[in-house]
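This report refers to the structure that appears directly beneath it.
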Amino acid sequence: MVLVRIKDHVQYAYTYEEGQLIFDLIAPALARGEVVAVSFEGIKAVPSSFINASLLQLTDRFSLDDIRSRLQIVDSTHFINDLIKRGFQTASEKHTAK
Amino acid sequence: MALITLPRNLNIDTMRGVYSRCWEAVAAGDKILILDFKTLHFIDPMGTTALACLAVGFSDKVASVSFLGVEGDSPAVRYLNSAGFFESLSDGEEARLAARETTIEFMPISGTEHVNFLHMRLRPWIAREVRLSSDTVESLSACIAEMLQNIEHHGGALGFAMAQHYPKKSELRIAVADRGLGIPVHVRRVLPNLKDSAALSKACERGFTTKTNVTNRGYGLDNLIRYVVGNNGGTVTLRSRYGMLVARRGPNGTFLHTQVVDWDCPGSAVQIVLRTDTLEKSDEFVRPEVFEWF
């Protein structure tokens with residue numbers, strides 16, 4: 001398993017660019033077939049642009065089933081979980097509607 | 001040269017008269033606009049940021065925009081002076097009054113400057129002024145980020161931010177305005193037939209994106225409204241081109257009221273009004289929670 005602790009890599013977890021740094025750590029590991037745990041330790045809330053880049057962008061490369069089975073979110077809060085879940089749910093609905 | 005007298009109470013609604021008089025003067029061939037502050041008695045954060053956009057915008061269209069009456073003693077002039085408004089926008093050398101604790105300094109923001117503005121200035125000011133827990137400040141900051149990042153992503157070269165605490169009313173107002181093309185213009189690239197007010201409503205719909213850049217997946221305004229209206233019971237006002245949208249709590253949850261306005265507000269202007277007496281309940285938002293896939 002690959003552990004990506006966000007605070008080890010970015011200052012605020014605020015911008016799309018910071019999210020892209022995290023995406024660049026997650027996506028190759030998922031592509032290798034590994035399980036990835038993303039830790040939000042020390043972070044209570046993030047804006048949508050960070051989630052867009054770091055996590056939702058994964059839907060452009062991987063199926064939702066694949067993401068669900070091999071991406072874990074740990075040390076998070078209700079705020080962060082809600083943002084992630086609503087983002088993936090909307091992405092899933094859009095995919096189904098296509 | 002045209003003298004534009006500002007109204008007694010300047011907000012996003014009364015900006016209409018200011019814009020029309022400026023346009024009329026420019027159409028008549030005036031190359032110098034003088035904004036007269038002598039009659040101004042009250043201005044809110046959204047009015048302040050919109051006025052800044054007007055001054056900078058018309059400076060690009062005519063020879064110059066200058067200010068009159070900025071040495072006056074009216075409450076609004078003293079307020080703008082202490083907030084650094086005149087210092088930021090004019091070449092004059094008026095003596096600046098001491099900053100007020102209840103006001104965040106008026107701030108022109110370009111490019112990625114919103115990152116430092118939020119983390120180095122706005123966050124510490126909110127924590128100190130409204131006396132919120134660090135958890136609440138963190139969730140509130142994520143919400144404010146949805147407004148500020150709009151300047152970088154859609155606002156063109158420059159935007160403005162302003163925040164004001166009204167302790168007696170238990171209100172915190174934060175306004176951001178930019179000089180971009182405006183939300184309806186972006187929305188119509190995908191849905192060409194929408195009027196401006198309907199376009200604003202569409203822009204608030206979860207997951208709707210114009211894909212103007214890779215960062216946009218259509219969650220920002222929805223998140224902002226969920227936090228401010230759904231969680232806090234505050235209001236979100238969005239004004240862009242000929243459209244206006246106000247999100248507030250109704251009997252059946254969040255209610256979006258849209259209307260067509262008869263004057264063109266260039267770019268986009270957003271103001272959130274937060275109830276400081278219910279803000280600490282936002283702690284509930286950031287409680288630790290185990291993530292489970294749906």
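The values are calculated or read from the model by the stated rules, or taken from the named source; none is laboratory data. The model shown is predicted, which means the values in this text are computed figures rather than measured ones. Glycine gets a Cβ as well: all are built from the backbone with ideal geometry, and neighbour counts include every protein chain shown.
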Give me a count of the residues in the stretch B:235-294 that are within 14 Å of chain A (Cβ to nearest Cβ) and assigned to a loop (DSSP other than H, G, I, E, B).
7
Yes or no: the stretch A:30-43 includes at least one residue that is buried (at least 22 other Cβ atoms within 10 Å of the Cβ), within 26 Å of B:MET147 (Cβ to Cβ) and modelled with pLDDT under 95.
no
Being modelled with pLDDT under 90 and either assigned to a helix (DSSP H, G or I) or under 24 Å from B:LEU80 (Cα atoms) (or both) narrows it down to one residue among B:ILE144, B:ILE151; which is it?
B:ILE151
For the stretch B:124-141, how many residues meet the condition of being farther than 13 Å from B:LEU172 by Cβ and either more than 10 Å from every other protein chain (Cβ to nearest Cβ) or in contact (Cβ under 8 Å) with a residue 24 or more places away in the chain (or both)?
5
Can you list the helices (runs of 4 or more DSSP H) found entirely within the stretch A:1-90 that contain at least 3 residues being facing another protein chain (nearest Cβ under 9 Å) and touching a residue at least 24 places away in the same chain (Cβ under 8 Å)?
A:16-31, A:48-54
Out of B:ARG100, B:ARG179, B:ARG96, sole residue that is in contact with a Pro (Cβ under 8 Å, 6 or more places away or on another chain) and at pLDDT below 90:
B:ARG179
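Yes/no per residue for (1) in contact with a strand residue (DSSP E or B) (Cβ under 7 Å, 6 or more places away or on another chain); (2) in contact (Cβ under 8 Å) with a residue 40 or more places away in the chain; (3) crowded, with 17+ Cβ neighbours inside 10 Å:
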| site | (1), (2), (3) |
| --- | --- |
| B:GLY207 | no, no, no |
| B:GLY218 | no, no, yes |
| B:ASN231 | no, yes, yes |
| B:GLN259 | yes, yes, no |
| B:VAL273 | yes, yes, yes |
I'm trying to understand the selection: among the residues of the stretch B:59-86, which are free of Cβ contacts under 8 Å to residues at least 60 places away in the same chain, under 30 Å from B:ALA27 (Cβ atoms) and of a type outside the set (Gly, Ala, Ser)?
B:ASP60, B:LYS61, B:VAL62, B:VAL65, B:PHE67, B:VAL70, B:VAL77, B:LEU80, B:PHE85, B:PHE86
